[in-house]
Amino acid sequence: MKRILIIHTGGTISMKEDKETGEVNTSSKHPLEEISVLLKDHVEIDDDILFHLPSPHIRPDHMLKLGRFVHEKMAKKSYDGVVITHGTDTLEETAYFLDLFIQTRKPVVVTGAMRSSNEVGSDGLYNLLSAIRVASCDEAQDKGVLVVMNDEIHTAKNVTKTSTSNVATFQSPQYGPIGITTKNEVFFHHKMTRHDSYPIQSIGKRVSLIKAYAGMDGSLIDAVRESHVDGLIVEALGQGNLPPETVDALKRTLDDGIPVVLVSRCYQGIVQDTYGYPGGGRQLREMGIIFANGLTGPKARIKLMVALEMTTNMTELEHMFS
Ligand code: ASP
């Protein structure tokens, strides 16, 4: 019998709808506690409620606490896999942080729900069951942290929430899911490429995220620089270009020793130094801006926060994003 650790952190998957007002909120009893009883003949389950938070309340220090908790629990008992339930709003950031932090070959699966536990069509129990099945599966080993929702298995690195309310919200726009779950089976159809882990002890660096837009100037960038951040992520236009009016402010940021990491506001593709016009990717790269290939802005922010705990050397930082 497989032994699975479930860690609850909150989110809609742990909430109930008030049938009179329609308001969805936390409830004193975790609605998924009965899962252990449901599965007792197939899987041995230990479950812990670490947090009871809506995911907009989750901060990087919660993510680190959760990562440490996984390490501690796994050191005490030999689990075959771990399942984490989480609110969907920031699920991709926590999953990606755990992907960078957790050192294990065992499956670690994050799941959530779009509809609370007593709503019509609630997806929580189903997603939790699917996540347990994936975490119990030998083939799920060595794949980094996975996100299982709505019959699909995604990597923490590529998955993102694409719809505010649809149950099929989690997608990996560039690469697709790496597997699917059916009623009785778990199928993987992609192999993993490189996977790095960073054993950090703390997560306290201040990294801001700015999205570029037509007609943008340097005022937002200067405001962020003057607030003494440790790093800045810019979601640039297209392949990695910015309005020329932002360039001087970016130079001032880099001159202050603040690393600037570039991603694209496009939801597919990677940033490249293709264009040579003022503000184009070529100029940005030559200035010393780091190009983060394929990560979304929020995930590049998590990665820079993690990377800055290990080094402030620009070359080393660039290497971590390559
Ligand atoms: N707002 C909720 C949260 O992230 C959404 C969800 O869990 O689906 O906590």
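Using +1 on the beta carbon of Lys and Arg, -1 on that of Asp and Glu, and nothing else charged, what's the dipole of the chain about the Cα centre, debye to 20? Display every interim value, and only then the final one.
Details: 34 positive and 41 negative charges, 103 e Å.
That gives a dipole near 500 debye.
For region 181-223 and region 91-126, write down the distance between their C-alpha centroids in whole Å.
Their Cα centres are 16 Å away from one another.
Give me the accessible area per residue for region 270-322, probe 1.4 Å, as a whole number in Å². Don't jump to the answer; show the numbers that get you there.
Values: 2380 Å² over 53 residues.
It amounts to 45 Å² per residue over region 270-322.
Looking at the square roots a ≥ b ≥ c of the eigenvalues of the Cα gyration tensor of region 169-322, which shape do they give, rounded for a/c under 1.5, prolate if a/b is larger than b/c, or oblate? Display every interim value, and only then the final one.
Numbers: a/c = 2.19, a/b = 1.54, b/c = 1.43.
Judged from the Cα gyration tensor, region 169-322 comes out prolate (a/c at least 1.5, a/b above b/c).
Could you tell me what percent of the accessible area of the chain is made up of carbon and sulfur, with a 1.4 Å probe and every protein chain present? Spell out each step's value before the answer.
Values: 7170 of 14760 Å².
Carbon and sulfur together cover 49 percent of it.
According to the Cα gyration tensor, what semi-axes, each the square root of 5 times an eigenvalue, does the equivalent ellipsoid of the chain have, listed from largest to smallest in whole Å?
Details: eigenvalues 273, 83, 67 Å².
Semi-axes, largest first: 37, 20, 18 Å.
Could you order the peptides 192-200, 235-243 from most to least packed, using the average number of other C-beta atoms within 10 Å per residue? Each step should come with its number before you reach the end.
On the way: 192-200: 11.4, 235-243: 21.9.
So the order, starting with the most tightly packed, is 235-243, 192-200.
Among the lysines, which have Cα under 19 Å from the Cα of K19 when same-chain residues fewer than 8 positions away are ignored?
Cα-Cα hits under 19 Å: K29.
Please get the size of the charge dipole for region 1-134, origin at its Cα centre, with Cβ charges of +1 on Lys and Arg and -1 on Asp and Glu, quoted in debye to the nearest 20. Before the final figure, lay out each step's value.
Numbers: 16 positive and 20 negative charges, 129 e Å.
It works out to roughly 620 debye.
Between A156, A300, A214, which gets the highest mean-square fluctuation from a Gaussian network model of the chain, Cα cutoff 10 Å?
Per the Cα network of the chain with a 10 Å cutoff, A214 tops the list.
Tell me which aspartates and glutamates have Cα within less than 14 Å of K161's Cα, excluding those fewer than 8 residues away on the same chain?
Straight-line reach from K161, under 14 Å: D89, E92, E93, E152.
Which links in K77/K157; K211/K303; K65/K211; K205/K251 stretch past 24 Å when you go from one Cα to the other?
Working: K77/K157 28 Å; K211/K303 17 Å; K65/K211 29 Å; K205/K251 21 Å.
Beyond 24 Å between Cα atoms: K77/K157; K65/K211.
Using the per-residue mean of other Cβ atoms lying within 10 Å as a proxy for protection, in what order, highest first, do the peptides 222-233, 176-187 fall?
222-233, 176-187
May I ask you to list the trypsin sites (Lys or Arg not before Pro) in region 26-101 that are in a DSSP loop and have at most 15 other Cβ atoms within 10 Å of their Cβ?
Details: sites: K29, K40, K65, R68, K73, K76, K77; in loops: K29, K40, K77.
Filter output for region 26-101: K29, K40, K77.
Accessible area per residue for region 14-70 in Å², computed with a 1.4 Å probe and the full protein assembly in place, what is it?
Working: 3340 Å² over 57 residues.
For region 14-70, the solvent-accessible area averages 59 Å² per residue.
First check a/c for region 18-90, with a ≥ b ≥ c the square roots of the eigenvalues of its C-alpha gyration tensor; if it is under 1.5, answer rounded, and if not, answer prolate when a/b is larger than b/c or oblate otherwise.
Working: a/c = 2.98, a/b = 1.25, b/c = 2.38.
Cα axes put region 18-90 in the oblate bin.
Rank-order 83-93, 269-279 by packing density, defined as the average count of other C-beta atoms within 10 Å over each peptide's residues, highest first. The partial results should precede the final answer.
On the way: 83-93: 25.0, 269-279: 15.7.
Highest to lowest by the protection proxy: 83-93, 269-279.
What is region 191-262 by shape, rounded, prolate or oblate, if you read a ≥ b ≥ c off the alpha carbon gyration tensor as root eigenvalues and call it rounded for a/c under 1.5, prolate for a/b larger than b/c, and oblate otherwise? Could the numbers behind the result be given before it?
Numbers: a/c = 2.73, a/b = 1.40, b/c = 1.95.
Judged from the Cα gyration tensor, region 191-262 comes out oblate (a/c at least 1.5, b/c at or above a/b).
The values are calculated or read from the model by the stated rules, or taken from the named source; none is laboratory data. Here the structure is a predicted model, which is why all the values come from computation and not from measurement. All Cβ positions, even for glycine, are placed from backbone atoms using ideal geometry, and neighbour counts span all protein chains on display. All accessible areas refer to the heavy atoms of the entire protein, side chains included, with ligands and DNA or RNA removed. Shrake-Rupley method; radii C 1.70, N 1.55, O 1.52, S 1.80 Å.
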